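Data block below; observations after.
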């Protein structure tokens, strides 16, 4: 007699059965599964999971789902579907390559009547979810790597500067592959320093605190996005930003907060920008020598909307190319 069992949707089930591989993301809180996943689990004849430590198991059992601690091979799984049964397999986070390869071999052999095979994502990663992996990997590297475990904020300073310059170079070269890589290297510096900060005996903080501060700052400084303020032009946005910063920082001088250790041209341009934006009645200092000439050029560039560092780097790259041509170097 033909089995006429029905699935959760009320349609007749395939007599060869159905295998559902239910994948879940370890980056999403366990128990938060899609509606389709819960419906499939409740309608299944058997639910199998070979990983007794799988984070979803307590929540499945709390919901009344009977989960068997079984790791079948491909043939055993096909046999379990006989008579139109539905078997759900909940693989570990690493998946079950042995099982999927075995099912592929059976399907390709042409000698086995295969059940329907479905891959059902029970939960999905949200945008930015891989950042959780970065934090986890950094934590392990910090604990287990002999070099990484000894690093300090001070010892890593030079790397932060180097990575920032390499990022700028990738942008200016228009190399998108390098840009992606260098952004990762800059992110590493952020996560690395935050991980070190967790170990501070007196005032520890983590990457979550860094991210939380950043979120609060972005929301506070964008009242035209998150509040009632209005900004129709980039100039309006800049005005909001500067006004909010002024209230936050309570600076005595427009020069407060400008790092003096940055490249000299950038420093000169930043000072000129603060003077212009703050409407400070001060003229460029009079003096003789190349330093004062460069200061005047940097202030002029800033007033004309040109970043002097970027402009000089572009000219320097052209100079470098000319030198290589003169030397007969082939690109």
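The values are calculated or read from the model by the stated rules, or taken from the named source; none is laboratory data. Given the structure is predicted, the values throughout are model-derived calculations rather than measurements. Glycine gets a Cβ as well: all are built from the backbone with ideal geometry, and neighbour counts include every protein chain shown.
Some points to look at:
- Any hit, segment 111-133, residues being free of Cβ contacts under 8 Å to residues at least 24 places away in the same chain, within 16 Å of residue 23 (Cβ to Cβ), in a loop (DSSP other than H, G, I, E, B) and out of contact with any strand residue (DSSP E or B) (no Cβ under 7 Å at 6 or more places or on another chain): no
- The helices (runs of 4 or more DSSP H) found entirely in segment 148-247 that carry 3 or more residues being closer than 23 Å to residue 274 by Cβ are 153-173, 207-220.
- Options 178, 194, 268: the member that is surrounded by 14 or more Cβ atoms within 10 Å (Cβ to Cβ), modelled with pLDDT of 90 or more, touching a helix residue (DSSP H, G or I) at 6+ places or on another chain (Cβ under 8 Å) and under 30 Å from residue 292 (Cα atoms): 268
- Among the residues of segment 20-50, those identified as more than 16 Å from residue 93 (Cβ to Cβ) and assigned to a loop (DSSP other than H, G, I, E, B) are 34, 44, 45.
- The set of residues in segment 22-47 that are surrounded by 20 or more Cβ atoms within 10 Å (Cβ to Cβ) and within 25 Å of residue 78 (Cβ to Cβ) comprises 22, 24, 37, 40, 41, 44, 47.
- When residue 305 is tested against (1) exposed (fewer than 10 other Cβ atoms within 10 Å of the Cβ); (2) under 24 Å from residue 238 (Cα atoms); (3) at pLDDT below 90, exactly one condition is not met: (3).
- The criterion of being closer than 23 Å to residue 27 by Cβ, at pLDDT 90 or above and not in a loop (DSSP other than H, G, I, E, B) holds for residue 61.
- Residue within segment 68-87 that is touching a residue at least 40 places away in the same chain (Cβ under 8 Å), assigned by TED's automatic domain parsing to the domain that holds residue 22, at positive phi and not in a helix (DSSP H, G or I) present: yes
- Boolean, residue 274 is outside the structural domain of residue 144 (by TED's automatic domain parsing), touching a helix residue (DSSP H, G or I) at 6+ places or on another chain (Cβ under 9 Å) and surrounded by 15 or more Cβ atoms within 10 Å (Cβ to Cβ): no
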